[in-house]
Amino acid sequence: MSAAQLDAVIVGGGPAGLTAALYMARFRREVVVIDGGASRAAWIPTTHNHPGFPDGVSGEALLDLQRRHALRYGARIQAGAVEALAVEPDGFTLTVDGEPLRARTVLLACGVEDNAPDLPDVDAAVRRTLLRICPICDGFEVTGQRVGVIGHGPLGAREALFLGAYTDRLSLIHIAAPNALPAEERDQLARAGVTLIEAPIESVELQPDRPRALCFSGPGRVEFDALYSALGVTPRTELALAAGARHDDQGRLVVDDHQQTSIPGLYAAGDMVRGLNQITTAQGEAAIAATAMHNRLRGA
């Protein structure tokens, strides 16, 4: 695979990368997906927010369907880690587990990494919905419940206020210094009836058959039906930035209307580009990118 130059390499085997692989394969392009096996979508126990699945679908099931779909049309999926990306006169060279891989175009669909709160077994808690990370995805499921939002600054306040569409039993657990939460956000929280807790979390109980309880140094034990983490994410943009691609003030890659980065022939889609962090938008961006890559390859 390393000797010939591929039409495209897609870095990332999540919903965006697999969508692009399907499109490129159906465009009859020689395409390989490098899958590091760390898609955030795999964490989803069941989503009821993805179109076409009225009874819900797990992240693993959705990824399996997408893999099978792309493979049916000739895409190749290779497990591995991309260690470097170099821009060449006629395309790109990627270093995959120490071996070179050449391609005329590249799509980055590497996603983001969650800034996790200091709670026990965070990954397992997310997979069991003991800790939630996306109120856009599953806010409906906490309607009327006691909800705690772990966050800091304006971002934490915005997420708590967003959840006000679903419940009026909200608390913002502000884990930064008090001056990190501006007066304007404090006023908004007060007007919305959001309880503000500004005390260190001393211990945590995350159990499947009872409310989630946090113990604080001041308020003592507080129980919740659902907990959200609102600590933001870190885009996985290291490959692109090392190659010289531009990013915005949030650290996400800057792309044009066709998902092309500031480096010609290098495209990006999904959470590392936009801030919505939704599977549907990632898939849509991947479709746009793959079509643009195909057109570039045919000289259009």
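The values are calculated or read from the model by the stated rules, or taken from the named source; none is laboratory data. Quantities reported herein were computed from a predicted structural model and do not represent experimental measurements. All Cβ positions, glycine included, derive from the backbone under ideal geometry; neighbour counts span all protein chains shown.
Which one of the conditions (1) surrounded by fewer than 16 Cβ atoms within 10 Å (Cβ to Cβ); (2) among the hydroxyl-bearing types (Ser, Thr, Tyr); (3) over 18 Å from HIS174 (Cβ atoms) does SER217 fail to meet, given that it meets all the rest?
All conditions pass for SER217, except number (3).
Could you list, ordered by first residue, the pairs with Cβ atoms under 9 Å in which the first is in segment 286-297 and among the polar types (S, T, N, Q) and the second is at pLDDT 95 or above, at least 6 apart or interchain?
Listed by first residue and then by second, the contacts come to THR291/TYR23; THR291/PHE27; THR291/HIS258; ASN295/HIS258.
Please state which of the following conditions GLU99 fails to meet, knowing it meets all the rest: (1) modelled with pLDDT of 95 or more; (2) under 20 Å from the mean Cα position of the chain (by Cα).
That leaves (2) as the condition not met.
Taking GLU83, is it surrounded by fewer than 17 Cβ atoms within 10 Å (Cβ to Cβ) and either more than 19 Å from GLN207 (Cα to Cα) or at pLDDT below 95 (or both)?
Judged against the criteria, GLU83 is a match.
Just give me the residues in segment 120-152 being of a type in the set (Gly, Ala, Ser) and in contact with an Asp or Glu (Cβ under 8 Å, 6 or more places away or on another chain), in sequence order.
Selection gives GLY151 alone.
Against the condition under 30 Å from GLU30 (Cα atoms) and among the basic types (Lys, Arg), how does ARG104 come out, does it pass? Walk me through how you get there before you give the answer.
Numbers: under 30 Å from GLU30 (Cα atoms): yes; among the basic types (Lys, Arg): yes.
In short, yes.
Scan segment 243-300 for residues that are surrounded by 17 or more Cβ atoms within 10 Å (Cβ to Cβ) and of a type in the set (Asp, Glu) and jot them down.
Across segment 243-300, the qualifying residues are ASP271, GLU285.
Would you say VAL106 is in the same structural domain as ASN277 (by TED's automatic domain parsing), in contact with a Leu (Cβ under 6 Å, 6 or more places away or on another chain) and touching a residue at least 24 places away in the same chain (Cβ under 8 Å)?
Numbers: in the same structural domain as ASN277 (by TED's automatic domain parsing): yes; in contact with a Leu (Cβ under 6 Å, 6 or more places away or on another chain): yes; touching a residue at least 24 places away in the same chain (Cβ under 8 Å): yes.
When the stated conditions are applied, VAL106 passes them.
Restricted to segment 29-63, and to residues that are among the acidic types (Asp, Glu) and within 25 Å of MET293 (Cβ to Cβ), which residue is surrounded by the fewest Cβ atoms within 10 Å (Cβ to Cβ)?
GLU30
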